[in-house]
Structure formats: structure tokens, C-alpha cells
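**Q** Quick one: this structure, given as C-alpha cells, is what I'll be asking you about.
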Amino acid sequence: MKFGLREVIIFLVVLCMPVGAYYAIFKPQNAKIEDKKSEIVHKEQMLALLRQETSRNEDLKRANNEIAERIAEIESRLPTGKEVDQIVRQVSEIAVNSGLESPTFKSSKPIAAARYFEQPLEMTTKGSFTGYYEFLASIERLPRITRIVDMKIKRAREGAEIEVSFTLSIYFRADEGSAT
């Protein structure tokens, strides 16, 4: 066998074809495959995170339902604006039943607090300390949400009685269809 120029050129062409095919076809294709593989890994990681967050959704739904139940329970304890007068009468009856004098009330303008209102009532009354203690204990047992602030207790001029002045706040929700 004789190797001439023609054979050498054919040998070089045959040898360059796989090398050229590697750089022209296989290497770009391998790069695309690696890109797609890394994209798949990234998407699998994102899917795992999404599954983890989705599993937390059930816990969040359960927690939201519990919170909604608690809010409904508290809202059920809030009277409407029309029922505030009944609460005031009830507080007055509690004071008299506890041995205190009938209290005097001075009503202030309702204060808006979120979706609810707070009705501050300045109260003054007289009586024994034990009567006042019974009054506070009875107020505490009321099913409605109330709060006592600015409490001042003074010894009355006569006897062992005390004079008490405080602000009783009654929380209530606005009446349906009316602006308070």
C-alpha cells in the first residue's frame, strides 16, 4: 500500500469529521443537556419547597379557623349599641345589691377601637369596702367585656364608708346599618 497525497487528505478528512462533529454538534448539544439538567434540579428544589409550604397551609388553615372561632366567641360577648343601656342598668343593680349607694353615671362620647366601640362611663358611689369588693367581683363575672380604669378610693367623711370614683368602659359593636 502506497500512501500518497490523496490518501493523506482522505485520512485527514476522515479524522477531522469526528472532531468537527464533536465541536459542531455534540459539544453544544451536551451544553444544552447540562443546562436542562440544572434547570430540572432547580425546578425539583422549587417543587420540594412548594410541597413544604403547601403542607403548612393545612396547619395555617386550622390555626385560622381556631382564631376565627375565638373571635366569634369574643364578639358574642360584645353587646350592640342598643344594649349598652341594659348593661348600665345591670351595673347599677349590681352596685345596689352589693350594698353600695346607687351610682351616678356621666357618659362620654364612644371611642372607636378597630371594628368596635368603647363607651366610657364615669361612675361615683359610696358604701362599705366589702360592698365595693363584692361589686368588683360581680362586675368581673359579667359575660360582657368591661374594663375599670382611673379608680380613686377615698374615705368618706362619715363612718367607715368609702367614696369610689372610676371609669367603667363597656365595649360594644356598632348597630347594624347605623353609624355610631
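**Q** Condition check: under 30 Å from TYR133 (Cα atoms) and either acidic (Asp, Glu) or at pLDDT below 90 (or both). Does VAL96 satisfy that?
**A** Values: under 30 Å from TYR133 (Cα atoms): yes; either acidic (Asp, Glu) or at pLDDT below 90 (or both): no.
For VAL96, the condition - under 30 Å from TYR133 (Cα atoms) and either acidic (Asp, Glu) or at pLDDT below 90 (or both) - is not met.
**Q** Select from the stretch 138-162 the residues that are under 17 Å from VAL96 (Cβ atoms) and buried (at least 16 other Cβ atoms within 10 Å of the Cβ) and list them in ascending order.
**A** Hits for the stretch 138-162 are SER138, ILE139, GLU161, ILE162.
**Q** Determine if the stretch 103-117 includes at least one residue that is under 21 Å from LYS82 (Cβ atoms), of a type in the set (Val, Ile, Thr) and out of contact with any Pro (no Cβ under 8 Å at 6 or more places or on another chain). Spell out the reasoning first.
**A** Narrowing the stretch 103-117 to residues under 21 Å from LYS82 (Cβ atoms): 105-117.
Narrowing the set further to residues that are of a type in the set (Val, Ile, Thr) leaves 111.
Remaining after also requiring out of contact with any Pro (no Cβ under 8 Å at 6 or more places or on another chain): none.
No, every residue in the stretch 103-117 fails to be under 21 Å from LYS82 (Cβ atoms), of a type in the set (Val, Ile, Thr) and out of contact with any Pro (no Cβ under 8 Å at 6 or more places or on another chain).
**Q** Here's a follow-up. If you go through the stretch 141-157, how many residues are outside any strand (DSSP E or B) and either free of Cβ contacts under 8 Å to residues at least 12 places away in the same chain or not assigned by TED's automatic domain parsing to the domain that holds ALA113 (or both)? Don't jump to the end; show me each part of the working.
**A** Of the stretch 141-157, the ones outside any strand (DSSP E or B) are 141-145, 156-157.
Retained after the next criterion (residues that are either free of Cβ contacts under 8 Å to residues at least 12 places away in the same chain or not assigned by TED's automatic domain parsing to the domain that holds ALA113 (or both)): 141, 157.
Residues meeting the conditions: 2.
**Q** Scanning for something touching a residue at least 60 places away in the same chain (Cβ under 8 Å) and either in contact with a Pro (Cβ under 6 Å, 6 or more places away or on another chain) or hydroxyl-bearing (Ser, Thr, Tyr) (or both), does the stretch 158-173 turn up at least one residue?
**A** Yes, the stretch 158-173 has at least one match.
**Q** Please state which one of SER55, SER38, SER76 is out of contact with any Lys or Arg (no Cβ under 6 Å at 6 or more places or on another chain), modelled with pLDDT of 90 or more and hydroxyl-bearing (Ser, Thr, Tyr). Give the steps one after another, and end with the answer.
**A** On the way: SER55 fails: modelled with pLDDT of 90 or more; SER76 fails: modelled with pLDDT of 90 or more.
Every option except SER38 fails the conditions.
**Q** Working carefully through the options ALA95, ALA113, ALA156, ALA174, find the one that is out of contact with any helix residue (DSSP H, G or I) (no Cβ under 8 Å at 6 or more places or on another chain) and within 23 Å of PRO79 (Cα to Cα).
**A** Just a single option satisfies the conditions, and that option is ALA113.
The values are calculated or read from the model by the stated rules, or taken from the named source; none is laboratory data. Everything numeric in this text was worked out from a predicted model, so none of it was measured. Ideal geometry is used to build each Cβ from the backbone, glycine not excepted, and the neighbour counts take in all protein chains shown.
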